[in-house]
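Coordinate-derived values only; no laboratory data. These numbers come from a predicted model, not from an experiment. Backbone-built Cβ (ideal geometry, glycine too); neighbour counts: all protein chains shown.
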Amino acid sequence: MIKPENQVSIPTRIPAGPRLSIPLRFRDRRRVTILLTLIVLAYVTLMTLPTMIPNHFKLGAALVSFTENIKIMFLQPHLANTTFVTLLGALGQSILLAFLTTLIGSAIAFFFALASTRRLAPTYLVLGIQSFMAVIRAIPTVLWVLIYSVVFGLGANAAVVGITFHSVAYLTKVYADSMDELSPGIIETMQAMGLKKSAIIRQAIIPYLIPSYLSWTFIRFEINFADAIAVGAAAGAGGIGYQLFMSSSFYFNFHEVGVMVYMILAFALVLEIISYRLRSVTHQ
Amino acid sequence: MNSDVQQINRFFSKKRFRLTLIIVILGMAYVGASIGLGFQTHSLLNVQDGIAWLIQNFIPNEASKGYWNEILQQLFRTFLVAVAATTCAAIVSLFLAIVGAKTLTPAITVSWVIRAFSSLLRNIPIVAWAMILLFSFKQNDLTGFLALFFMTLGFLTRAFMETIEDFGTEKVQALQATGATYLQVIAQGLLPEIAVALMSWILYMIENNVRDATLVGLLTGTGIGFIFNLYFKSLRYGAAGLVVLSVIILVVSVELISNLIGRLLS
């Protein structure tokens, strides 16, 4: 190879712009956000943890008594103040409460979701309903039940209405979110064909929505079951939660608590199996 | 042509029949459940009574202004406890999830043990947790922290495990082929890839725990839940309304912040 005598060289140009360069990894917005969030969380946690342990607190003794109670609960469950049949009835009541509130909640939430999806509704309606629901969601279920138990009196009415409130707010959001995922092309095509809104909802939105509708409703049923127990304990609304509350904070009988926890776990196992089956069905 | 029309008609009438059947079954289930519970449907129509009562009684009055200090203090404590519980649970459950995920687990039995453990933690009702802990740890913030911690641990372990399993085995195998060790695969391959998903789970759990902290507080006699119960049962509705208002503001602002972080992450 012959080399030219005078090599032509193109001078490399220094790129324009500020000379100071930030390392590439710090310019990644995600990385910085994750790092900052983690730092804030770690800081808050490290600051809080030492202040949580009160003065003159014997951690060792507490841990020993905790493991003791857990042992009593799981290894020696037996009944003293109630019968198994009563508890079974109470469990049934909690399940019914969860079922009923999910049913009412999903029916009401479906209409709210139609009125607050970006695919069908005007923006002011979407924003209005969604922020109203955010406020309702922000109030814990127990507070709703407590408030309604003053208005309606203690009992099933207050529990159902209170839990339904939260369910409606939750389900409206998730239904509307899954409706938003529907591509606008489908609705535009149907509108171009001259179909009315009701027909669009029946023929395009509902068939598209069924899998996510089912899975979200089922998730809400699980949440409502947990809520039904909590509400029974904290607001005296009956069911297995009330029995749990009575035997743990009135009779201090952890043997009995163990029986109830086993019953609840058995039902939770059934729910888990159903949810697994549901997932494999809807994924097909 | 005629048979086509017939077929279409049959299709639609079948569809309509099925829809009617579902509605009838659900309606019957509704009636059955209502009778079983002793729930009267007309109370659904009286929902506005509750709202009206709320507005009438829960409007904070002059007297309730004196409670601001205590409420804000307890609200802040509750928030800190919820965040600390979520963060601690997230750290532990990340380890459990890595060891338990089917794609990374050292032995399949370990995976099943961790799965069962997290399911157990999730399904023991929070009432039972609160009561057992209250009995051993007495009435203080630590009790609320631990109750939230156990619930969150169960939930996040499952969520993280599913996230890791969605990550797939191909990338792990590719890294292993380059000679990376187990720890290197996790630190360099897995964690950066799933960090965004994990972050959004953690933020969701913080939101949830701030809400649940009220319930736990009500049961264990700590934090914002306790003072709500105190004011509510001593008929100081104005102050109780103030508590509700402050909870709403806290939860909504936590939700807004987590939405903002979510947008920055996407």
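Note on A:150-163: average number of Cβ atoms from other chains within 10 Å of each residue's Cβ is 5.
Under the shape rule built on the C-alpha gyration tensor, where the axes satisfy a ≥ b ≥ c, the range B:108-200 is prolate, since a/c reaches at least 1.5 and a/b is greater than b/c. Helix A:59-75 and the longest principal axis of the Cα set of chain A meet at an angle near 70°.
Along the positive direction of the dipole of the range B:57-265 (beta-carbon charges: Lys, Arg +1; Asp, Glu -1; about the Cα centre), which of B:THR178, B:MET199, B:ALA240 reaches farthest? Most positive-ward Cα: B:ALA240. Within 10 Å of the Cβ of each residue in A:44-53, the mean number of Cβ atoms contributed by other protein chains is 6.
Does the protein assembly as shown classify as rounded, prolate or oblate by the C-alpha gyration tensor (a ≥ b ≥ c root eigenvalues; a/c under 1.5 gives rounded; else a/b over b/c gives prolate, otherwise oblate)? Walk me through the numbers before you get to the answer.
Working: a/c = 1.57, a/b = 1.17, b/c = 1.34.
Oblate.
Across chain B, C-alpha contacts under 8 Å between residues 6 or more apart give a mean separation that, scaled by the residue count, equals a relative contact order of 25 percent. The residues neighbouring B:SER119, those whose beta-carbon lies less than 11 Å from its own, together hold a net charge of +2 under the Lys/Arg +1, Asp/Glu -1 convention.
Highest mean first, the peptides B:187-193, B:218-224, A:78-84 sorted by other C-beta atoms within 10 Å per residue fall in the order B:218-224, B:187-193, A:78-84. Placing +1 on the Cβ of every Lys and Arg and -1 on the Cβ of every Asp and Glu, with no other charges, gives the range A:94-240 a dipole of roughly 300 debye about its Cα centre. The mean sequence separation of alpha-carbon pairs under 8 Å and at least six residues apart, normalised by the residue count of chain A, gives a relative contact order of 25 percent. Once a ≥ b ≥ c are taken as the square roots of the eigenvalues of the Cα gyration tensor of chain B, is the result rounded (a/c under 1.5), prolate (a/b larger than b/c) or oblate (a/b not larger than b/c)? Cα axes put chain B in the oblate bin.
Here B:LYS102 is the anchor, and the lysines within straight C-alpha reach of less than 23 Å, apart from those fewer than 8 places off in the same chain, are B:LYS171. Maximal additional length on extending the B:TRP68-B:ASP4 stretch stands at 15.8 nm, based on 0.36 nm per residue less the C-alpha distance. Computed from Cα atoms, the angle from the helix A:254-282 axis to the main principal axis of chain A rounds to 40 degrees. Taking a point 7 Å out from the Cα of A:PHE250 in the direction of its Cβ, the residues of the range A:151-168 whose backbone N falls within less than 19 Å of it are A:154-156, A:159.
GNM on chain B, alpha-carbon springs under 10 angstrom: the most fluctuating residue among B:PHE39, B:PHE228, B:PHE149 is B:PHE39. Exposure proxy ranking for B:PHE76, A:PHE112, based on other Cβ atoms within 10 angstrom of each Cβ and starting from the fewest, stands as B:PHE76, A:PHE112. Counts of other chain beta carbons within 10 angstrom of each beta carbon in peptide B:207-214 average 3. Relative to the dominant Cα principal axis of chain A, helix A:206-234 is inclined by about 50°. Packing order of peptides A:198-210, A:85-97, A:237-249, B:168-180, highest average first: A:237-249, A:85-97, A:198-210, B:168-180 (average count of other Cβ atoms within 10 Å over each peptide's residues). Site pair A:MET193 and B:ILE59 shows an inter-label distance of 5.3 nm when each label is modelled 7 Å from Cα along Cα→Cβ. Distance between the pseudo-spin-label points of B:VAL99 and A:GLN203 (7 Å out from Cα toward the beta carbon): 5.7 nm. Hydrophobic long helices, here whole DSSP H runs in chain B with Kyte-Doolittle means of at least -1.0 and Cα atoms spread over 20 Å or more along the helix axis, are found at B:2-37, B:68-100, B:108-123, B:141-167, B:191-220, B:237-265.
Taking the Cβ of each residue in A:TRP216, A:TRP144, B:TRP112 as the centre, tally the other Cβ atoms inside 10 Å and list the residues starting with the fewest.
So the residues, fewest neighbours to most, are B:TRP112, A:TRP216, A:TRP144.
The slack between B:ILE51 and B:LEU21, meaning 0.36 nm per residue of separation minus the straight C-alpha distance, is 7.3 nm.
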